[in-house]
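The values are calculated or read from the model by the stated rules, or taken from the named source; none is laboratory data. As the structure is a prediction and not an experimental result, all values here were calculated from the model. Glycine also receives a Cβ, built like all others from the backbone with ideal geometry; neighbour counts cover every protein chain displayed. Surface areas here come from the heavy atoms of the whole protein model, side chains and all, with no ligands, DNA or RNA. Shrake-Rupley method; radii C 1.70, N 1.55, O 1.52, S 1.80 Å.
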Amino acid sequence: MNKTILEERKSQMHRIGEEPFAMACNRPSLAGAVSQRACVFCGSRVVLYPIADALHLVHGPIGCATYTWDIRGAISSGPQLHRLSFSTDLQEMDVIFGGEKKLEASLRELISLHNPKAAFVYSTCIVGLIGDDLEAVCRRVSADTGVTVLPVMSEGFKGNKREGYAAACKAMFRLVGTGDTTGISPKSVNILGDFNLAGETWIVREYFRKMGVETVANITGDGRVDDIRRCHGAALNLVQCSGATMELAKMMEEKYGIPYQRVSYLGVEDMADSLYKVADFFADRDPDIKAKTVELVRAELSVLMPKLAELRRDLEGKKVAMYVGGSFKAFSLVKAFRHLGMSVVVVGSQTGTEEDYKELAAISDPGTIIVDDANPLELAQFIKEKDVDVFVGGVKERPIAYKLGVGFCDHNHERKIALEGFIGMYNFAREIHASVMSPIWRFMPRRNARPATAARVTCTPKEAVNG
């Protein structure tokens, strides 16, 4: 392991094939290591934020609300209340004397102005320290206004982002079971852990509609409070981002007996497998559903695969590094890049478990570096060591790629292009192709020492910059 890697961090890294598998993970970030992770509060906020007809109030300093304002590319087919960022803006006097009165006044005013279906109140670090009783305030305002007000116990210092996911699931679970399930089809699902980035949930729902399967609730992309209230009437929960919503699925299975399946809508194989899983589950209720699903997949692939083959000619043999929030993405992306003839040589996540990384090691190539909870220095070192052609990550990883002269693809929740479903695979492949094959990389210092093979065009630096 390179000298630039902190000794305390080495147990959270693994090189496939060079040593027996052993990784420490799901631990607090190392102080001073400048982790790419977000805090507990941010974890809860990004899960609940896409519920579009709910009020979201951050009880804490203004910075917490600013950091998470409109943080996802989650879009709504109706209400837009979720896109407003409300804060109690705690000041020094509130810290000294408590912020409960300010919170209650804020809730009453906002509920009067916006008439939400429900309200989520997020606790932050400072609230945990001064001891404001969120539960009591929320209960009192609920009783007076008739609007369900739910505290989200998401003090940032309690752990890592996964703790925020758990806090969000516990808050949502208080809504589940409070609505009428009349009229729900016996062939019905809830979509958990998809956040409707650039309309991705709508793509998946359309596939299910063609299969004859009803979607009861989107949890949480393009989500609605009333749908969550009645989602216990669905026959099956489909969990994509398992870190974010698996706890909710487990609580629903324990209380309501609803089974769940882990799925992924990213890439060719995993999208098809997810549809086949749903078809297998409902086969005893609909003898024709398997045939309909096979036909659906065949029709989509007949359009997609020739397009991928065309892009693959340029991308064959290129190398990829990726660092994602949830490890479920990494599984799908490794397979997706193989369809493009590309190899993943560095892969990591913010919130993966030991089980996740074992599975990742099993499907990755020998020599691949797996890293948990990485920091910018580590990511930069591995990118240079493996001499990658494109880096896949989120907004915090983009500067690393550009500073190193490497192409970048945004696969995090800020993106505006749909990457799920079969059409999403094509969008993803086009974006990777545009990034990798841009002629600009031939003029970056890191590339000057080797032949210019990054593109099939010949142009001057000025032409490259101007497109």
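Note on segment 419-435: residues that are part of a helix (DSSP H, G or I) and touching a helix residue (DSSP H, G or I) at 6+ places or on another chain (Cβ under 6 Å) total 6.
One line per residue, one yes/no per condition, for (1) in contact with a Gly (Cβ under 8 Å, 6 or more places away or on another chain); (2) in a helix (DSSP H, G or I); (3) of a type in the set (D, E):
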{"site": "V58", "(1), (2), (3)": "no, no, no"}
{"site": "H82", "(1), (2), (3)": "no, yes, no"}
{"site": "D89", "(1), (2), (3)": "no, no, yes"}
{"site": "D94", "(1), (2), (3)": "no, yes, yes"}
{"site": "S106", "(1), (2), (3)": "no, yes, no"}
{"site": "R139", "(1), (2), (3)": "no, yes, no"}
{"site": "A143", "(1), (2), (3)": "no, yes, no"}
{"site": "L150", "(1), (2), (3)": "no, no, no"}
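The residues of segment 89-135 that are more than 31 Å from the chain's Cα centre (by Cα) and basic (K, R), listed by number, are K101, K102, R108. Pairs meeting the criteria (first residue in segment 397-409 and closer than 12 Å to L379 by Cα, second residue open to solvent by 10 Å² or more (accessible area, probe 1.4 Å) and modelled with pLDDT of 90 or more, beta carbons under 6 Å, at least 6 apart or on different chains) are R398/F408; I400/P376; I400/A380; A401/F408.
Run down E92, E163 and say which single residue is among the charged types (D, E, K, R), at negative phi and in contact with a helix residue (DSSP H, G or I) (Cβ under 6 Å, 6 or more places away or on another chain).
Being among the charged types (D, E, K, R), at negative phi and in contact with a helix residue (DSSP H, G or I) (Cβ under 6 Å, 6 or more places away or on another chain) holds for just one of E92, E163, which is E163.
Kindly indicate whether any position in segment 193-211 is assigned to a strand (DSSP E or B) and among the β-branched types (V, I, T). Checking segment 193-211: not a single residue is assigned to a strand (DSSP E or B) and among the β-branched types (V, I, T).
Of the helices (runs of 4 or more DSSP H) lying entirely inside segment 310-418, those containing at least 3 residues that are farther than 25 Å from Q240 by Cα and open to solvent by 10 Å² or more (accessible area, probe 1.4 Å) span 376-386, 398-404. Kindly provide the set of residues from segment 69-109 that are β-branched (V, I, T) and touching a strand residue (DSSP E or B) at 6+ places or on another chain (Cβ under 7 Å), ordered by number. If the condition is that a residue be β-branched (V, I, T) and touching a strand residue (DSSP E or B) at 6+ places or on another chain (Cβ under 7 Å), then T88 is the only one that fits. Do we find that R298 is in a helix (DSSP H, G or I), over 15 Å from A272 (Cα atoms) and among the charged types (D, E, K, R) in this structure? In short, no. The residues on offer are E253, E269, and the sole one that is in contact (Cβ under 8 Å) with a residue 12 or more places away in the chain, part of a helix (DSSP H, G or I) and touching a strand residue (DSSP E or B) at 6+ places or on another chain (Cβ under 7 Å) is E253. In the set (1) within 28 Å of G394 (Cβ to Cβ); (2) touching a His at 6+ places or on another chain (Cβ under 9 Å); (3) of a type outside the set (F, W, Y), the condition left unmet by P79 is number (2). In the set T88, T66, only one residue is touching a Ser or Thr at 6+ places or on another chain (Cβ under 8 Å), free of Cβ contacts under 8 Å to residues at least 40 places away in the same chain and either surrounded by 17 or more Cβ atoms within 10 Å (Cβ to Cβ) or among the charged types (D, E, K, R) (or both); that residue is T88.
Of everything in segment 243-263 that is among the hydroxyl-bearing types (S, T, Y) and open to solvent by 10 Å² or more (accessible area, probe 1.4 Å), the residue that is nearest to G233 (Cα to Cα) is Y256.
Listed conditions (1) part of a loop (DSSP other than H, G, I, E, B); (2) open to solvent by less than 60 Å² (accessible area, probe 1.4 Å); (3) modelled with pLDDT of 95 or more are all met by D284, apart from (2). Tell me, which residue of segment 116-135 that is closer than 26 Å to T220 by Cβ and out of contact with any Leu (no Cβ under 9 Å at 6 or more places or on another chain) is least open to solvent (accessible area, probe 1.4 Å)? If we take residues in segment 116-135 being closer than 26 Å to T220 by Cβ and out of contact with any Leu (no Cβ under 9 Å at 6 or more places or on another chain), then G128 is least open to solvent (accessible area, probe 1.4 Å).
The residue that is least open to solvent (accessible area, probe 1.4 Å), among those in segment 210-242 that are out of contact with any strand residue (DSSP E or B) (no Cβ under 8 Å at 6 or more places or on another chain) and over 16 Å from G78 (Cβ atoms), is M211.
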